[in-house]
Amino acid sequence: MKIAIVGTGMVGQTIASKLEELGHEVYMGTRNANETKSRTDVNQMTGKSFSDWHSENKGISVVNFSDLPSDCDVYFNATHGANSIDALNMVGDKLNGRILVDVANPLDFSNGMPPSLFVCNTDSLGEQIQRTFPEAHVVKSFNTMNCYLMVNPSLVQGDHNVFVSGNDESAKNTFTSLLKDIGWGENQILDLGDITSARATEMMLPIWLQLWGKHGHANFNFNINAAN
Ligand SMILES: NC(=O)c1ccc[n+]([C@@H]2O[C@H](COP(=O)([O-])OP(=O)(O)OC[C@H]3O[C@@H](n4cnc5c(N)ncnc54)[C@H](OP(=O)(O)O)[C@@H]3O)[C@@H](O)[C@H]2O)c1
């Protein structure tokens, strides 16, 4: 497939590298491609600069948001939640009719750590994105786990789940087949329903952050055990 990753942080890098490894044609969008490609500041989480990452992933084209191809099968939103709509607006109407997998979280760091949610309860970032781009097929997923687990579910032993929310069944089916290619099992993939169910998964972030602090690492995930 032809895939665009909107966002250059650790999540965008991790998803892009994995999808390219799986044989997809991958593009990555940023505000200023020349500036981003020359970044040498080290990302505290990955221990690597963007330019180091890109030199190891030369097959991934890094372009301005507005220059992402208009014919990608799937677009991923991997931008800072508070800036996601601005970034996606720069991608523009090429999102119309396309699958947009939203992995962002509506984290508000303005009062320090831990962050709070800038939208919750009766709305979600996933829904805001769907309302802003009514002709895109928004699929909310991956936001309840660390990015290394997104692309390598075997990092956590035993049963654990990835949640999927979205209005368009065909978009969810396409994303589900990508999940299976990555290594997620059929029984691990939980379709929660339409995009309003993104409220629930985004509101899992406070407990996720608490567990991160408790474990001292991010290799954990949620496992839903339901009676038949
Ligand atoms: N870290 C994880 O494992 C994890 C797990 C689940 C979900 N998430 C969510 O995934 C998303 C990405 O996280 P991340 O840590 O990889 O990256 P991030 O630092 O949250 O976001 C980086 C991206 O946001 C863009 N951006 C920042 N300010 C912008 C602005 N004013 N206008 C337009 N774009 C702007 C940056 O653009 P440039 O490229 O131009 O700099 C960059 O592409 C976040 O929403 C995060 O909450 C993270």
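Every number here is computed from the coordinates shown, using simple stated rules; none is lab data. Bear in mind the structure is a predicted one, so any value in this text is a computation, not a measurement. Cβ: placed from backbone, ideal geometry, glycine included. Neighbour counts: every protein chain shown.
Quick notes
- Under the simplified labelling scheme, the LEU209-ASN89 pair shows an inter-label distance of 2.6 nm, with each label point 7 Å from Cα along Cα→Cβ.
- Between ASN225 and ASN121, the simple label model (points 7 Å from Cα in the Cβ direction) yields a spacing of 3.3 nm.
- Semi-axis lengths (Å, descending) of the ellipsoid that matches the C-alpha gyration tensor of region 126-228: 23, 17, 13
- For region 186-191, 3J(HN,Hα) computed residue by residue from phi via the Karplus equation (6.51, -1.76, 1.60; θ = phi - 60°) reads 3, 6, 8, 8, 10, 7 Hz, glycine and proline entered as x.
- Antiparallel content of DSSP bridges confined to the chain, in %, to 5: 20 percent
- Inter-label distance for ASN43 and GLU25, nm, one decimal - labels placed 7 Å from Cα along Cα-to-Cβ: 2.5 nm
- Normalising by residue count, region 1-145 has a Cα convex hull of 113 Å³ per residue.
- Between the beta carbons of SER51 and MET113, assuming R0 = 25 Å, the FRET efficiency works out to 0.30 to the nearest 0.05.
- Neighbour counting of Cβ atoms within 10 Å sorts the residues HIS80, HIS54, HIS215, fewest neighbours leading, into HIS215, HIS80, HIS54.
- Qualifying GluC sites (Glu not before Pro) in region 130-221, DSSP loop, other Cβ atoms within 10 Å at most 13: GLU135
- Rounded to the nearest whole Hz, the Karplus-based 3J(HN,Hα) values (6.51 cos²θ - 1.76 cosθ + 1.60, θ = phi - 60°) of region 133-147 follow the sequence 10, x, 8, 8, 9, 7, 10, 8, 6, 6, 6, 9, 8, 5, 5, with x at glycine and proline.
- Each Lys and Arg contributes +1 and each Asp and Glu -1, all at the Cβ; summed about the Cα centre of the chain, the dipole is approximately 420 debye.
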